[in-house]
Amino acid sequence: MPSADTPATRLATRLGFLAIGLGASNVVPILFRRAGSQHVMPVGLAVSAITTIGYAGALVGPAVIGVVAKAVGRRGAFVLLAVLFSCITLLARSATRDERETKPSQSLGGQRVGDTTHDASAPLSRSG
């Protein structure tokens, strides 16, 4: 299939990448906020893990897109990207739901995230 390299096509391509960047850039602050409010691992390790996955995606992603494009064509590779980015929209609620539904009785050690009070019966620990 011949590609139409016209000014309109180049502009549409640039606008498409701009839209992807603006849409995907909203995910990082949500992930960092969730890493800071979770109680499974120390906050510093959680943020490091998210950052590492982000850098790995930036390094490996273009190579994977190239392999997929070679196998199914450029159009198929970009359709796959569109489907994967749509999954972000579908999974967004699950990334933020737990924080809004957490009740004070469910918090660990009687302390909520961001609260400066501490339950005397819970041992003091420092995560991060």
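Just so it is clear, none of the values below were taken in a lab; they were calculated from the coordinates. Since this is a predicted model, take the numbers as computed values, not measurements. For neighbour counting, all protein chains shown are included, and Cβ atoms are generated from backbone atoms with ideal geometry for every residue, glycine included.
Could you run the Karplus curve 6.51 cos²θ - 1.76 cosθ + 1.60 with θ = phi - 60° over segment 45-55 and give me ³J(HN,Hα) per residue in whole Hz, x for Gly and Pro?
5, 5, 5, 4, 5, 5, 5, 4, 5, x, 5
Add +1 for every Lys or Arg and -1 for every Asp or Glu among the other residues with Cβ under 14 Å from the Cβ of L80, and state the total.
Around L80, the charge tally is +3.
Each residue of segment 36-41 in order: what ³J(HN,Hα) in whole Hz does its phi give by Karplus 6.51 cos²θ - 1.76 cosθ + 1.60, θ = phi - 60°, with x for Gly and Pro?
Values, residue by residue: x, 9, 7, 10, 7, 9 Hz.
Can you compute the FRET efficiency between S25 and V64 using 1/(1 + (r/R0)^6), with r the Cβ-Cβ distance and R0 = 25 Å? Round to the nearest 0.05.
0.75
Could you state the orientation-averaged shadow area of the convex hull built on the Cα atoms of segment 15-95, in nm² to one decimal?
6.0 nm²
Mind checking the full-extension length gain between D5 and A49? Use 0.36 nm per residue of separation minus the Cα-Cα distance, one decimal, nm.
11.8 nm
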